[in-house]
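The numbers here are math on the coordinates, done by the rules we state, and not lab data. Predicted model, so just to flag it, every value in this text is computed and none were measured. Here Cβ is always computed from backbone atoms with ideal geometry, including for glycine, and neighbour counts include all displayed protein chains.
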């Protein structure tokens, strides 16, 4: 996805020795692009009806809130996509090996996606979406499972947080929160190792859709990233 969010963070962070790892001419990616999936089931109080005998019945009305509804509320077309675009920042890791008193070293370039920006992509046009926010409630509690190689490189990680997700617009708004599980993946792209992260949150909260207000629950997820 060629766009104005393109970010080059390689040259400032790589040492001269690290460039030897890219001698093959491979160009490492500078962005991780993920699609955002919103799937909420909403319920609200319906209109009451009165029977001839005076019995008043008030139903619960269900509806769904999806990514398409959020895109529509943002003014996007049916072809638009809601994306999370993250800059990849690179560092170098020097790994030392000892064999019969002989020490050798190997430079490994590792990229990791930073906190991303939500972007609406519509027919090639890109707009940063500022009215979708994510905040972490469990800032004082860290629950993380990880795997680190003998060389000190992170190979796998899964973190658990309590996050809130808010979206506000004149047509549709919701505020939900719940358990957000972030899974770290390790991929090799353009001659470097890249750590990427996918998110899967199970949430519940409140919504307002036009003049209808109620309670909703469901999932908010990000896909596996594409690298550019």
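Summary table below
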item: Projected label distance in nm at residue 126 and residue 92, using a 7 Å step from Cα toward the beta-carbon; result: 2.8 nm
item: Separation of alpha-carbon centers, the range 124-176 and the range 179-199, rounded to whole Å; result: 14 Å
item: Residue 171 paired with residue 72, simple spin-label distance in nm, labels 7 Å along Cα-to-beta-carbon; result: 0.7 nm
item: Ranked packing of 153-166, 191-204, 41-54, most packed first, by mean Cβ within 10 Å; result: 191-204, 153-166, 41-54
item: Those residues of the range 188-213 whose amide nitrogen sits under 15 Å from the label point placed on residue 143, 7 Å along Cα→Cβ; result: 200-203
item: Radius of gyration and Dmax over the Cα atoms of the range 31-78, both given in Å; result: 18.2, 66
item: Segment residue 63-residue 223, length gained on full extension (0.36 nm per residue, minus Cα span); result: 55.2 nm
item: Long-range Cα-Cα pairs in the range 147-228 (distance over 17 Å), rounded percent; result: 59 percent
item: Sites residue 204 and residue 35, calculated FRET efficiency, Cβ-Cβ separation with R0 30 Å, nearest 0.05; result: 0.85
item: Share of pairwise Cα separations in the range 171-219, more than 17 Å, in percent; result: 54 percent
